[in-house]
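The values are calculated or read from the model by the stated rules, or taken from the named source; none is laboratory data. Worth saying up front: this structure is predicted, and the values here are computed from it rather than measured. Using ideal geometry, Cβ is built from the backbone for each residue, glycine included, and neighbour counts are taken over all protein chains shown.
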Amino acid sequence: MVATVDEMVQTEISSDELSRRVAVIKRFRELLTKQRDRFRDYLSALDKQKDVIEKGSAEELLAHVELEEQIVADIFSIQKVINPLEDMYRSSFPEKEAEVPVLKAALEELKAEAIVRSGRNKELLSKRMAEIRSEIKSLRANPYAAARRGSFATETASLVDLQG
């Protein structure tokens, strides 16, 4: 079957349209790569957080939680840009470009791993908090500690100066 000149003109893409499509795909790839890197940072922070939880250092744990919150906020802000750009990408490239699906698959794997590690850290932190609560209860139940608290609380003055 021979294509007519009109059909060939309709299938050709203008240079402006081509430039727009190239810009969309470049930006989309760039954002997916950035998102992938942020998830890798998040996984690294979760691993370090696990070590800190096991050590029991409250100050270091607070620092890691703040870092984790910052990374998660970055991930969500990047995702807000990715979603509309992905729609533009799909409309510009219905036949799909080879690199983007690979990046998206890697990103999904990192998301799944982050969920697993975050859950593990949450469970580990819950166990550690239960241990600390148990230690606190045992300290409160310690008869020597109770006697010391009680002896200071019951002491009163035995002499009172009424003259002034």
**Message:** Please determine whether any residue of the stretch 99-115 is surrounded by 13 or more Cβ atoms within 10 Å (Cβ to Cβ), over 17 Å from the mean Cα position of the chain (by Cα) and among the aliphatic types (A, V, I, L, M).
**Reply:** yes
**Asked** With Asp51, Asp47, Asp41, Asp87 as the choices, which residue is within 22 Å of Leu125 (Cα to Cα), without any contact (Cβ under 8 Å) to a residue 24 or more places away in the chain and either crowded, with 16+ Cβ neighbours inside 10 Å or not aromatic (Phe, Trp, Tyr) (or both)?
**Response** Asp51
**Answer from Lys96, Lys104, Lys127 - the residue that is modelled with pLDDT of 85 or more and among the charged types (D, E, K, R)** = Lys127
**Message:** So, Ala153, is that one modelled with pLDDT under 85, more than 30 Å from Arg29 (Cβ to Cβ) and surrounded by 12 or more Cβ atoms within 10 Å (Cβ to Cβ) or not?
**Reply:** no
**Fill in**
Ala112 meets each of (1) assigned to a loop (DSSP other than H, G, I, E, B); (2) at pLDDT 85 or above; (3) not hydroxyl-bearing (Ser, Thr, Tyr) with one exception, condition (1)
**Prompt:** Lys34 fails exactly one of the following numbered conditions: (1) at pLDDT below 90; (2) part of a helix (DSSP H, G or I). What is the number of that condition?
**Reply:** (1)
**Asked** Does Asp16 meet the test of being assigned to a helix (DSSP H, G or I), within 18 Å of Arg117 (Cβ to Cβ) and free of Cβ contacts under 8 Å to residues at least 40 places away in the same chain?
**Response** no
**Prompt:** Looking at Asp87, Asp74, Asp47, which one is in a helix (DSSP H, G or I), within 14 Å of the chain's Cα centre (by Cα) and under 30 Å from Arg20 (Cβ atoms)?
**Reply:** Asp74
**Message:** List the residue pairs whose Cβ atoms are under 8 Å apart, where the first residue sits in the stretch 134-148 and is surrounded by 10 or more Cβ atoms within 10 Å (Cβ to Cβ), the second is at pLDDT 80 or above, and the two are 6 or more positions apart or on different chains.
**Reply:** Ala145/Leu139; Ala146/Arg140
**Message:** What's the total number of residues in the stretch 54-71 that are touching a residue at least 60 places away in the same chain (Cβ under 8 Å) and outside any helix (DSSP H, G or I)?
**Reply:** 1
**Residues satisfying the stated conditions in the stretch 25-38, i.e. surrounded by fewer than 20 Cβ atoms within 10 Å (Cβ to Cβ) and either touching a residue at least 60 places away in the same chain (Cβ under 8 Å) or in contact with a Lys or Arg (Cβ under 6 Å, 6 or more places away or on another chain) (or both)** = Ile25, Arg29, Thr33, Arg36
**Prompt:** Out of all the residues in the stretch 137-148, is one or more among the small types (Gly, Ala, Ser) and modelled with pLDDT of 80 or more?
**Reply:** yes
